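This report refers to the structure that appears directly beneath it.
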Amino acid sequence: MGSPGWARPLRFVVESWQARPYERHRRAAHRGGPVGATLSRHLARRLVQIGATDVFAVPGDFNLTLLDNLIAEPGLTLVGCCNELNAGYAADGYARARGVGACAVTFTVGGLSVLNAVAGAFSEDLPVICVVGGPNSNDYGTSRILHHTIGLPDFSQELRCFQAVTCYQAVVNNLDDAHEQIDTAIMTALRESKPVYISVSCNLAGKRRSQDFRVGYSRSHPSGQARKRIVGYSREYPGIHTGSASVAGLSHPSFSREPPVPLFLLPRLSNKASLEYAVEAAAEFLNKAVKPVMVGGPRIRVAKAEKAFADVADASGYPFAVMPSAKGLAPEHYPRFIGTYWGTVSTAFCAEIVEAADAYLLAGPVFNDVSSVGYSLLLRREKAVVVQPDRVAVGDGPAFGCVLMAEFLRALAKRLRRNATAYDNYRRVFVPEHDPLGGGEPDEPLKVNILFKHIRGMLLEPPKIKDKHT
């Protein structure tokens, strides 16, 4: 006779983890019951709902079950990366293009590796969902030392690191509040436009078959009282019972509803009175100016106000520029676009027009040492209407809170008088780029414009591939 079912070790078959979901779907259908009634499938569904349909991941033994369930979600693609830092920066770029990004890594060794990319997303106001496969829920409070850590029985080091660079941290080590923690984390990321950290205990992630785990009792708890725990079988060391193997994911009634409860994000609204006063004050300020201009900053993206900014440029006739970190957020094909405003290293003739204006509408600016060229910009506060994602300041006068940028710009576009004076000035001084004539005489000293002409020709010339036999 063979050994009892609960004593047979799990076989760990090394296979492509991209190919597993089809087999998992087949087994789930054979067993019956909903395929998605697990914590990690709930997380996967939420990611699809918010538009993060590609998750950038690096597998590790704490997140294997989690990744299996992410792959199994229709509409979600798992993109394997060479390392966690790559995964984090891929999620950063995805958030810039799609509005939200996600990455999945393993505990501590992966979390600390992805930390730099998450910090960058925090500084750039990008909603990135960082999911970490965490320790077994039974290991919390046991004084055990786990691998992939710094060798201390303290599992909070990774969490403490993420607290400084994320706007919300969810440590999911029980199923009772997992639904609420995951939804709160995702909604906070979208509302604040900042990264969040979600740690999911490896034994809660995805499997549902009761044969894959048994319940035992441990007296290793500091209180000395018996503590219920789930005991699995090690994938790394077959035949050895362990409380920290990633094999015992569980279903829960919170995740079993079909169809699932949709994610609901409360819309952000302006204070109507504050919005009206802000629009009135800004319109009066700008309509009195002789040659006003517009400058777009990186926080236009946070406020989702790209179209509203372009609408103001259309309606007002003002010339507009962008700060270097706002490239791509304003339509550069518009005829009144005058380039990148970056102080002394601005696009030709751009700084002269911006700094000579008697009023500027600054939408979402960030003035740091780089964007201000060492704080050398010749802008004056009393001439500026500064519009941030939820606040408007008019010159040295009043400031208005609880005013959303997109709503403010849309309302302002209807109140501004058309004024193209600054753009007319720009057209008078603008000299279009042209190639220098000739290539210089053989004995003539080399000139910079001739050098640049040859370099430009080399860069634009299509590459030539030579056959090794020619």
Exercise. Could you order Asp311, Asp176, Asp369 by accessible surface area, starting with the largest, using a probe radius of 1.4 Å?
Key: Asp176, Asp369, Asp311
Quiz item: In nm, what is the difference between 0.36 nm times the number of residues separating Glu461 and Arg144 and their Cα-Cα distance?
Solution: 107.9 nm
Quiz item: Cα centroids of the range 48-86 and the range 163-182: how far apart, whole angstrom?
Solution: 18 Å
Quiz item: Per 5 Å bin, what is the whole-percent P(r) computed from every C-alpha pair distance within the range 288-389?
Solution: 2, 14, 26, 29, 20, 7, 1
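Report the relative contact order of the range 271-430, percent, no decimals, based on alpha-carbon pairs under 8 angstrom and at least 6 residues apart.
Working: 325 pairs, mean separation 53.6, N = 160.
Reported as a whole number, the value is 34 percent.
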Quiz item: Just the accessible area for Cys82, please: 1.4 Å probe, Å², rounded to the nearest 10?
Solution: 130 Å²
Quiz item: In terms of the Cα gyration tensor, with a ≥ b ≥ c the square roots of its eigenvalues, is the range 129-206 rounded because a/c is under 1.5, prolate because a/b exceeds b/c, or oblate?
Solution: oblate
Quiz prompt | In order through the range 97-111: 3J(HN,Hα) via Karplus (6.51 cos²θ - 1.76 cosθ + 1.60), integer Hz, x for Gly, Pro | solution = 7, 10, x, 7, x, 8, 9, 9, 9, 9, 5, 6, 4, x, x
Self-check item: Overall form of the range 57-137 per C-alpha gyration tensor (a/c, 1.5; a/b vs b/c)
Solution: oblate
Quiz item: Straight-line reach from Lys447: which aspartates and glutamates have Cα under 18 Å away, leaving out those fewer than 8 places along the same chain?
Solution: Glu433, Asp435
Self-check item: Across Lys194/Lys304; Lys327/Lys453; Lys307/Lys327; Lys272/Lys307; Lys194/Lys272, pairs whose alpha-carbon gap is larger than 18 Å
Solution: Lys327/Lys453; Lys272/Lys307; Lys194/Lys272
Practice problem: Quick one: accessible surface of Val261, probe radius 1.4 Å, all protein chains present, in square angstrom to the nearest 10. | Solution: 80 Å²
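The values are calculated or read from the model by the stated rules, or taken from the named source; none is laboratory data. Treat the numbers as computed from the prediction; the structure is a model and nothing was measured. Remember, those area values only see protein heavy atoms, side chains included, never the ligands or the DNA or RNA. Shrake-Rupley method; radii C 1.70, N 1.55, O 1.52, S 1.80 Å.
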